[in-house]
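The structure under discussion appears below in the form of structure tokens.
Rule-based calculations on the coordinates, nothing more; no lab input. Source: prediction; values computed, not measured. Note that each Cβ is placed from the backbone with ideal geometry, even for glycine, and that neighbours are counted across all protein chains shown.
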There are 2 protein chains.
Amino acid sequence: MDLRQLRYFIGVAERGGFGAAASALNIAQSALSRHIKELEHELGGALLTRTARGVAVTESGKVLLERGRWLLGLVDDIKAEVRTENREPSGTVRLGAPSSVAEIFYPPLARLTAERFPRVQLELGEALTELACDRLLRGQLDLAIVTAPQPNDHLAYETLVIEQVFLIGPPQDPLLKRGRMTVNDVKRLPRAILPLSRTPFPTEVPFFVRVESSTPMKRIVASGLGYALLPYSGIYQEIEAGRLSAALLPWMRAERVLAVPRGRPISRATHETVALLKEICSELIHDGIIRTAQRASAPTGRPDRPRR
Amino acid sequence: MDLRQLRYFIGVAERGGFGAAASALNIAQSALSRHIKELEHELGGALLTRTARGVAVTESGKVLLERGRWLLGLVDDIKAEVRTENREPSGTVRLGAPSSVAEIFYPPLARLTAERFPRVQLELGEALTELACDRLLRGQLDLAIVTAPQPNDHLAYETLVIEQVFLIGPPQDPLLKRGRMTVNDVKRLPRAILPLSRTPFPTEVPFFVRVESSTPMKRIVASGLGYALLPYSGIYQEIEAGRLSAALLPWMRAERVLAVPRGRPISRATHETVALLKEICSELIHDGIIRTAQRASAPTGRPDRPRR
DNA sequence: TGCTTCCCATCTCGTTCCGAGATGGAGGCG
DNA sequence: CGCCTCCATCTCGGAACGAGATGGGAAGCA
């Protein structure tokens with residue numbers, strides 16, 4: 001049994017004749033006749049009784065008529081349902097980002113996701129590059145924002161933004177008041193504080209503390225115990241509040257990279273989340289919260305698979 | 001959307017790949033690929049995510065998978081339902097017959113219908129030829145058993161049985177004891193009682209009472225008030241009980257005819273009822289309750305429309 | 001009764017759709 | 001780096017489908 005045959009049968013039954021149904025269905029009467037005949041053969045009996053002026057529906061035809069109308073309605077419902085499901089991404093996106101990025105990206109991401117994709121659930125975790133990549137490979141994350149990741153065949157990278165890096169210290173620190181510093185300036189620092197992640201900044205800097213999260217790092221710096229390297233987005237609130245001061249390191253960059261696992265399907269929800277993150281990034285740049293060293297253009301790792 | 005496409009999609013989704021599904025569905029992988037693609041185009045989005053070793057079902061695909069399985073089950077249910085509906089006739093059959101025929105045909109008809117066609121409802125009315133034909137034409141009856149009806153283009157006739165006619169009188173009546181009577185014998189009858197119907201018996205017989213129903217007729221005859229003409233089936237109980245006596249009129253016949261309206265569809269239930277009536281008739285002849293003058297062979301009126 | 005009209009069944013032909021096989025690209029795996 | 005698996009695409013032959021013409025049966029009408 002075919003939906004087309006069902007539609008034809010219902011048309012003939014409703015209009016009481018092959019000819020009338022043929023013109024209404026935009027099909028030849030002969031084709032109708034043949035389809036109904038085939039349907040009757042498959043169902044093992046007459047569905048219509050042919051008379052000199054039209055057709056009458058048999059008892060079994062009445063059953064098929066009623067059920068068939070219902071079935072066609074169901075088909076339409078299902079199509080509509082799948083279509084809206086397709087229009088609206090859904091499912092869960094598990095995202096990982098370092099705490100400094102999470103701090104500024106997660107609030108607008110949550111707001112935009114709720115607004116535009118109400119059927120998407122977010123799981124927003126905090127993880128530095130190594131842990132995030134590991135979780136991506138284990139399938140515990142769908143998407144991560146990392147910094148200078150190891151090249152990996154099972155991960156696809158796409159540069160989100162390249163940020164300027166600042167040396168930060170206590171307010172009114174004399175070392176920072178020039179606004180920008182050279183490599184040698186930094187190498188002569190008495191006490192540097194770096195993130196725990198091993199590969200955040202490409203330049204060798206002597207350190208005496210590594211900290212995982214940016215908040216304690218900033219507290220340590222604010223207390224005057226040392227200097228730290230951070231992009232502007234991680235410290236803009238403290239700078240504006242006067243709790244920290246900073247000097248640009250023009251020769252240094254922090255590259256924020258989106259990472260997704262390769263060889264595993266990427267859900268539409270994840271794709272939309274990527275789009276949202278790019279949008280948020282642009283907004284943050286526009287608002288001056290992110291200061292870019294260079295606009296993202298070429299991907300760092302292997303190119304992401306093309307969007308369909 | 002087509003049921004075939006749906007079946008293919010479910011096959012691919014369940015087996016996790018085009019190739020596996022292709023061999024299971026006995027179809028080429030290329031055809032599967034094309035159908036799924038078409039379905040995805042119609043539903044406005046991807047249903048499957050293609051990976052290097054198979055497919056993954058997207059969110060919308062999951063919806064379609066669930067609904068589609070349900071829909072295919074429904075289709076099978078509907079097919080089965082229509083098929084049994086086709087195997088078992090159903091609906092209402094409205095039958096009319098004169099009371100004498102009703103008396104002996106209706107009980108076995110009701111029993112056989114209940115046994116074999118439990119979904120058929122019977123409406124068993126009593127009507128003589130004229131009224132029955134009128135009701136057939138008005139669409140108030142589906143089928144009637146009549147006697148010597150007027151030819152009518154809107155009615156189709158089929159002879160059921162031709163019965164012998166008997167002259168009946170009180171028990172041990174002297175006129176009847178010879179067992180058979182000639183035309184002149186009947187014409188000299190003192191008091192004849194005939195059915196109300198105008199054309200039951202083709203021979204002119206003087207009468208003084210016409211009665212519609214056979215039961216009062218037989219009571220009148222039993223009381224010795226006159227003689228009546230009836231086929232044996234109408235009086236066999238009274239003959240066996242000794243309440244009446246009868247003499248065969250070999251020159252006279254009563255033809256029982258099945259009548260159905262022409263130009264209106266005849267339901268399967270009506271067809272089956274006709275078959276049952278013929279079967280009952282044979283049984284009654286075999287049991288000696290109906291005495292035939294001649295087996296039914298050629299139809300009286302225009303031939304019934306052929307069975308499909 | 002004969003004619004007309006209406007309606008459906010059947011036949012035939014051209015188009016479309018569908019399925020099969022071959023080929024190629026992408027990714028996984030040793 | 002080569003091999004294997006899996007899917008997409010191309011092309012071709014066959015089946016299904018739709019359109020038009022034809023014919024038969026029944027109803028309506030004169």
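Would you mind checking the tilt of helix B:99-116 against the longest principal axis of the Cα atoms of chain B, expressed as 0 to 90 degrees and rounded to 10? Approximately 20 degrees, to the nearest 10.
The mean number of partner chain beta-carbon atoms within 10 angstrom of a residue's beta-carbon across peptide B:60-67 is 5. About its Cα centre, the range A:11-63 has a charge dipole of approximately 220 debye under the convention of +1 per Lys or Arg Cβ and -1 per Asp or Glu Cβ, with nothing else charged. Per the Kirkwood formula applied to alpha carbons, the range B:91-294 shows a radius of gyration over Rh ratio, Rg over Rh, of 0.99. Shape analysis of the range A:56-165 places it in the prolate category; the axes a ≥ b ≥ c from the Cα gyration tensor give an a/c of at least 1.5, with a/b above b/c. Helix A:3-15 and the long axis of chain A differ in direction by around 50°, with both axes built from C-alpha atoms. Mean-square fluctuations from a GNM of chain B, with a 10 angstrom spring cutoff on Cα atoms, peak among B:Leu141, B:Leu189, B:Leu64 at B:Leu64. Assuming 0.36 nm per residue, please report the length gained on full extension of the stretch B:Gln172 to B:Ser223 beyond their Cα-Cα distance. My answer for the length gained is 17.1 nm.
Beta bridges per DSSP, both residues in the protein assembly as shown: antiparallel share near 65 percent. Select from B:Ala20, B:Thr58, A:Ala28 the residue farthest towards the positive end of the dipole of the protein assembly as shown; place +1 on Cβ of Lys and Arg, -1 on Cβ of Asp and Glu, and compute about the Cα centre. So the residue furthest toward the plus end is A:Ala28. Segment A:Gln150..A:Ser30, full-extension length gain: 36.3 nm, with 0.36 nm per residue of separation and the alpha-carbon distance subtracted.
The simple Förster model, with R0 at 30 Å and r as the Cβ-Cβ distance, assigns A:His271 and B:His41 a FRET efficiency of 0.95. Suppose we keep just the DSSP beta bridges with both residues in chain A; what percent of those would be antiparallel, to 5? Of those bridges, close to 65 percent are antiparallel.
For chain A, the relative contact order comes to 21 percent (Cα pairs under 8 Å, sequence separation of at least 6). Helical runs assigned H by DSSP (4 residues or longer) give the protein assembly as shown a calculated mean residue ellipticity at 222 nm of -13500 deg cm²/dmol, each run adding -39500 (n - 2.57) before division by the residue total. If every alpha-carbon in the protein assembly as shown counts as one equal scatterer, what log10 I(q)/I(0) does Debye give at q = 0.09, 0.12 1/Å? One equal scatterer on each Cα of the protein assembly as shown leads to -0.85, -1.12.
About the centre of its Cα atoms, the range A:91-294 shows a dipole size close to 320 debye [charges on the beta carbon of Lys, Arg (+1) and Asp, Glu (-1) only; nearest 20 debye]. Give the angle, between 0 and 90 degrees and rounded to the nearest 10, that separates the Cα long axis of helix A:59-87 from the longest principal axis of the Cα atoms of chain A. Once rounded, the angle reads 20 degrees. For the range A:1-79, the convex hull spanned by the alpha carbon atoms encloses 83 Å³ per residue. Cross-link pairs exceeding 28 Å between alpha carbons, from the set A:Lys79/A:Lys278; A:Lys62/B:Lys62; B:Lys79/B:Lys278; A:Lys79/B:Lys79; A:Lys187/A:Lys218; A:Lys37/B:Lys37: A:Lys79/A:Lys278; A:Lys62/B:Lys62; B:Lys79/B:Lys278; A:Lys37/B:Lys37. Springs join every pair of Cα atoms under 10 Å in this Gaussian network model of chain A, and among A:Pro170, A:Pro108, A:Pro216 the largest mean-square fluctuation is at A:Pro216.
Under 5 Å from the amide H of B:Leu122 lie the amide H atoms of B:Val93, each residue being 5 or more positions distant or on a separate chain, with H modelled from the backbone and absent for Pro and chain starts.
Sorted shortest first, the distances from the A:Glu66 label point to those of the same residue in the other copies are 2.9 nm; each point sits 7 Å from Cα along Cα-to-Cβ.
When chain B is treated as a GNM with alpha-carbon contacts under 10 Å, the residue of B:Ala127, B:Ala22, B:Ala110 showing the greatest mean-square fluctuation is B:Ala22. Remark: spin-label model distance B:Gln140-A:Arg7 equals 4.5 nm, labels positioned 7 Å along the Cα→Cβ axis. Each other copy holds its own label point for B:Pro108; taking that point as 7 Å from Cα along Cα to Cβ, the gaps run 9.3 nm, nearest first.
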